[in-house]
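Asker: Below is one structure. I have some questions about it.
The values are calculated or read from the model by the stated rules, or taken from the named source; none is laboratory data. Note that this is a predicted model, so its numbers are computed, not measured. Here the Cβ positions follow ideal geometry from the backbone for every residue, glycine too, while neighbour counts run over all protein chains shown. Just the protein is used for accessible areas: all its heavy atoms, side chains included, with ligands, DNA and RNA removed. Shrake-Rupley method; radii C 1.70, N 1.55, O 1.52, S 1.80 Å.
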Amino acid sequence: MNTKVIVVANQKGGVGKTTNTIHVARALAERGKKCLIVDLDSSAGATTTLGVPTVGWQTIFEVISGEVDAEEAIITDQDVEVSLPQNIHLIPSSPRLNELDSFLNRDENLGIVAQDLLMAPIAGVRGRYDYVLLDSAPLVTKTTFPAYKVADYAILSTQLEKLSFERLESAMKLISSAQRNGNNRLALLGIVVTMAPQPTTRLAMHYLNLIDSTYLSEEGTPVRFEALIHRNVAIQEAATAKQTLFEYQPGHRVVNSYRHLAGEMEDRIKRRDLRSAAQTPQVANG
Ligand SMILES: Nc1ncnc2c1ncn2[C@@H]1O[C@H](COP(=O)(O)OP(=O)(O)O)[C@@H](O)[C@H]1O
Ligand SMILES: [Mg+2]
């Protein structure tokens, strides 16, 4: 299986990264794709929103620190203690992730290259999933840059307001830095606009236009995904009920927006795969 590792980022809290990670995974899962969500935030938003308690499991911290293999920390859709949606597996997080700093500072760990601390964990799951989605933390923490270092693609979440638009620029810089520092596979898959007001306000329109004129793909098309995720209360109610909106209110139009988004993502990935196949010289047979 040709696994695609996708980091969902933008270093600002509350821009919908976790919600987007879970719902994008859910939309991909519905398309029959096997997805693994890796929660890289010590506040464990993805873990708890999926109804998984942060105690009683091996977590991403134990995987990074080498106490267990990635495989042993995976909670599957078959696990009876929780009820993950079909085709969605999870490596949970917990506040223990805050111990990463002190872990890296121990004498015996000084040889660990901090920016590559997700290399081994992700290598351990490649080949087993269609998609591995990395839900990053709101601040640039010890796991943020490593996530960019192991990912094939980045998706940036933004709201239509000043601060989260400005943070896109810092995320772009982290992407180029990861590219320069050994991950030349990494590509920006797209920008997801989330919590868009409805009806669209003039201010929202201003930021939509600004995103589209600022961030263009190599082909000159907007990097922004067409699918807009509108602000809605149901998604918060679903989170409180520890469900995705797909389970909580299957007919909700935001469910369709996430389906649209997953479709756009897969189209872009397919196009890039075709382009790189065309660029790879084929060895003639006989
Ligand atoms: N489309 C949306 N409409 C309304 N509220 C949303 C939407 N997406 C996310 N939220 C809510 O906004 C808050 C922050 O979202 P979250 O996904 O946790 O962001 P982040 O992971 O970037 O910190 C959560 O309470 C979440 O339920
Ligand atoms: Mg989050």
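Asker: GLY190 is checked against (1) over 23 Å from SER83 (Cβ atoms); (2) crowded, with 18+ Cβ neighbours inside 10 Å; (3) without any contact (Cβ under 8 Å) to a residue 60 or more places away in the chain and fails just one. What number does that condition carry?
Answerer: (3)
Asker: May I pose another question? Just give me the residues in the stretch 1-28 being in contact with a Cys (Cβ under 6 Å, 6 or more places away or on another chain) and closer than 16 Å to ALA46 by Cα, in sequence order.
Answerer: ALA25, the sole residue that qualifies.
Asker: Still on this model: So which residues in the stretch 214-236 are open to solvent by 80 Å² or more (accessible area, probe 1.4 Å) and over 20 Å from the mean Cα position of the chain (by Cα), if there are any at all?
Answerer: If the condition is that a residue be open to solvent by 80 Å² or more (accessible area, probe 1.4 Å) and over 20 Å from the mean Cα position of the chain (by Cα), then LEU216, GLU218, GLU219, VAL233 are the ones that fit.
Asker: Residue check: is ASN20 surrounded by fewer than 24 Cβ atoms within 10 Å (Cβ to Cβ) and more than 10 Å from ligand 2 (Cβ to nearest atom)?
Answerer: So ASN20 fails the test.
Asker: For the stretch 161-180, what are the residues that are of a type in the set (A, V, I, L, M, F, W, C), under 21 Å from THR194 (Cα atoms) and either touching a Lys or Arg at 6+ places or on another chain (Cβ under 7 Å) or in a loop (DSSP other than H, G, I, E, B) (or both)?
Answerer: LEU163
Asker: If you take the residues in the stretch 16-50 that are on the phi > 0 side of the Ramachandran plot and within 14 Å of ligand 1 (Cβ to nearest atom), which one is nearest to the chain's Cα centre (by Cα)?
Answerer: Among those residues, the one meeting the criterion is GLY16.
Asker: From the set of residues in the stretch 178-187 that are touching a residue at least 12 places away in the same chain (Cβ under 8 Å) and surrounded by fewer than 15 Cβ atoms within 10 Å (Cβ to Cβ), which is nearest to SER157 (Cα to Cα)?
Answerer: So, considering only residues that are touching a residue at least 12 places away in the same chain (Cβ under 8 Å) and surrounded by fewer than 15 Cβ atoms within 10 Å (Cβ to Cβ), the one nearest to SER157 (Cα to Cα) is ARG185.
Asker: Out of the residues in the stretch 5-15 that are open to solvent by less than 10 Å² (accessible area, probe 1.4 Å) and not in a strand (DSSP E or B), which is farthest from ligand 1 (Cβ to nearest atom)?
Answerer: Here the answer is ASN10.
Asker: Let me ask something else. With (1) touching a residue at least 60 places away in the same chain (Cβ under 8 Å); (2) out of contact with any helix residue (DSSP H, G or I) (no Cβ under 6 Å at 6 or more places or on another chain); (3) part of a strand (DSSP E or B) as the list, and LEU228 as the residue in question, which single condition is left unmet?
Answerer: Of the numbered conditions (1) touching a residue at least 60 places away in the same chain (Cβ under 8 Å); (2) out of contact with any helix residue (DSSP H, G or I) (no Cβ under 6 Å at 6 or more places or on another chain); (3) part of a strand (DSSP E or B), the odd one out for LEU228 is (1).
Asker: Still on this structure: Would it be correct to say that THR76 is open to solvent by less than 40 Å² (accessible area, probe 1.4 Å), more than 22 Å from ASN183 (Cβ to Cβ), within 16 Å of ligand 1 (Cβ to nearest atom) and in contact with a strand residue (DSSP E or B) (Cβ under 9 Å, 6 or more places away or on another chain)?
Answerer: So THR76 does not fit the description; no.
Asker: Return the only residue of ASP130, ASP152, ASP135 being among the charged types (D, E, K, R) and either within 16 Å of ligand 2 (Cβ to nearest atom) or at pLDDT below 95 (or both).
Answerer: ASP135
Asker: Turning to a different aspect of this structure: Are there helices (runs of 4 or more DSSP H) fully within the stretch 94-160 with at least 2 residues that are hydroxyl-bearing (Ser, Thr, Tyr) and buried (at least 22 other Cβ atoms within 10 Å of the Cβ)? List them.
Answerer: Because the criterion is at least 2 residues that are hydroxyl-bearing (Ser, Thr, Tyr) and buried (at least 22 other Cβ atoms within 10 Å of the Cβ), the helices (runs of 4 or more DSSP H) in the stretch 94-160 that meet it are 144-150.
Asker: Turning to a different aspect of this structure: Restricting to the stretch 16-27, what's the tally of residues that are in a loop (DSSP other than H, G, I, E, B) and within 18 Å of ASP267 (Cβ to Cβ)?
Answerer: 0
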